[in-house]
Amino acid sequence: MKRNSLLLMILCLGMLFPMEQLFAQTRNYGVSLSPQAGFLLPHRATMAHLTVGHSAGFRVGAVIQTNGEKQWHHDFNFPSIELGIFYHDLGNKDVLGSTFGFSAGIYLPYFKSNGWSFGNNVSYGLAWVSKKYDLVENPKNNAIGSNLNTITNVGFRLEKQFSKNSIALEVGMMHLSNGAYKLPNLGVNLPFFGFNFTHFIQPLKFNASATDNFIGLPINAWSFHTLLIGSIKQVYPTGGSTYGVGALTNYLQYSVKGKCIIEAGVDAIYNESIVKYNKGNHGRGKNFQIGLYGAYVLPIHKMQLVFAMGRYVLNPLDPAGQWYHKCGARFRLAERLWGNFTIKAHWAKADYFEYGLSYRWK
């Protein structure tokens, strides 16, 4: 009975979706396997004791190789979108343990010719770290204070594509951090070398010209946005309270060309931790900061990668210096509405994650 039901289901699917249509929909879909090896890079002298061995791991994922239907496929030399799960030991099983989770990313070739390409691969995701700091059970772990962390991978890839397969060599950096919502948060940096193999369900096919136009800000056009941000963070010493952060950002964008948007903005920030960190007899008004920043924005279809540098013009207690930086992404949710996930830092020291929504007025 079950067998007959399964055959009937297959027959119905065949009537609704002809087999050639099903295969056509998946012609540029693939699965990938990436073994990786690396080591822990202590970026502060206080982390030297954590380096005791090499790190090894792997990533298994689904790959969507763009086929040229949209203009941005051509603008970025036919990038590939990658979704995957990963596992890594962190080079110190007793103190740091291992990490696993999922990530989403994109490979952006600088060029593509005769199946060969070279470019950047970038991915973000969530990671579970098996061993966090504990005052009694794991006091030597001064890098990670929480089990749940974000993971960022940035690297270079040399790839050769064939009809249904591709092979690649990768060199990159994996970074684990919780954005200071739970201390300690020095973070973990893992330089790695990897090999990637991808098998595609059908032979790869590419369109010579786009049938769908670019979605985004027109070239040589201005737009005005308002971004509302919320976050939480802790400050040293470890084990203290958690404080709230709120910010209102107004920014202008100017589209120079398809791969370049220039952004300038004003940040109005209320950071509840500033007065507590300075331990003085200060009122809550000292928690306010105002900053000006400039940014380069890389627009990729419905996503924007943001790289910004700013300076405070109002910073009464100066908890971490006058200069700050932002790095992350925005995602188009509707025609005028964008989701925001960036990290705000003072040079190599994370301040907090910026979770927010941005509205485009013009």
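The values are calculated or read from the model by the stated rules, or taken from the named source; none is laboratory data. Quick caveat: nothing in here was measured; it's all calculated off a predicted structure. As a convention, Cβ positions derive from the backbone with ideal geometry for all residues, glycine included, and neighbour counts pool all protein chains shown. Note: areas computed on protein heavy atoms with side chains; ligands, DNA, RNA excluded. Shrake-Rupley method; radii C 1.70, N 1.55, O 1.52, S 1.80 Å.
Please work out which residue is nearest to H54 (Cα to Cα), limiting yourself to the range 164-182 and to residues that are in a loop (DSSP other than H, G, I, E, B) and among the charged types (D, E, K, R).
In this case the residue turns out to be K182.
Determine whether A268 is surrounded by fewer than 19 Cβ atoms within 10 Å (Cβ to Cβ), part of a strand (DSSP E or B), small (G, A, S) and at pLDDT 95 or above.
Numbers: surrounded by fewer than 19 Cβ atoms within 10 Å (Cβ to Cβ): yes; part of a strand (DSSP E or B): yes; small (G, A, S): yes; at pLDDT 95 or above: yes.
Answer is yes for this residue.
Against the conditions (1) outside any loop (DSSP other than H, G, I, E, B); (2) polar (S, T, N, Q); (3) more than 20 Å from the chain's Cα centre (by Cα), where does N149 fall short? Just the number, please.
(3)
Residue check: is L317 in contact (Cβ under 8 Å) with a residue 12 or more places away in the chain, within 26 Å of the chain's Cα centre (by Cα) and either within 25 Å of N178 (Cα to Cα) or part of a strand (DSSP E or B) (or both)?
Against the criterion (in contact (Cβ under 8 Å) with a residue 12 or more places away in the chain, within 26 Å of the chain's Cα centre (by Cα) and either within 25 Å of N178 (Cα to Cα) or part of a strand (DSSP E or B) (or both)), L317 does not qualify.
Given the conditions (1) open to solvent by 50 Å² or more (accessible area, probe 1.4 Å); (2) outside any loop (DSSP other than H, G, I, E, B); (3) closer than 15 Å to H175 by Cα, and given that L33 satisfies all but one, which numbered condition is not satisfied?
Condition not satisfied by L33: (3).
Please work out if I167 is of a type in the set (V, I, T), over 21 Å from the mean Cα position of the chain (by Cα) and modelled with pLDDT of 95 or more.
When the stated conditions are applied, I167 passes them.
Of the conditions (1) open to solvent by 60 Å² or more (accessible area, probe 1.4 Å); (2) part of a strand (DSSP E or B), R330 satisfies every one except a single condition; which number is it?
Against the list (1) open to solvent by 60 Å² or more (accessible area, probe 1.4 Å); (2) part of a strand (DSSP E or B), R330 comes up short only on (1).
Mind checking whether some residue in the range 183-206 is crowded, with 18+ Cβ neighbours inside 10 Å, in contact with an Asp or Glu (Cβ under 7 Å, 6 or more places away or on another chain) and part of a strand (DSSP E or B)? Show your work before the answer.
Kept after step one, since they are crowded, with 18+ Cβ neighbours inside 10 Å, are these residues of the range 183-206: 183-190, 192, 194, 196, 198, 200, 204.
Those still in the list that are in contact with an Asp or Glu (Cβ under 7 Å, 6 or more places away or on another chain) too: 194, 196.
From the residues that got through so far, the ones that are part of a strand (DSSP E or B) too are 194, 196.
Yes, that holds for at least one residue.
Identify all residues within the range 271-282 that are crowded, with 20+ Cβ neighbours inside 10 Å and either outside any strand (DSSP E or B) or of a type in the set (D, E, K, R) (or both); write none if there are none.
S273, I274, V275
For the range 346-362, what are the residues that are closer than 17 Å to G187 by Cα and assigned to a strand (DSSP E or B)?
Hits for the range 346-362 are H346, K349, A350, D351, Y352, F353.
From the list A62, A48, A56, which residue is assigned to a helix (DSSP H, G or I) and without any contact (Cβ under 8 Å) to a residue 60 or more places away in the chain?
Being assigned to a helix (DSSP H, G or I) and without any contact (Cβ under 8 Å) to a residue 60 or more places away in the chain holds for just one of A62, A48, A56, which is A48.
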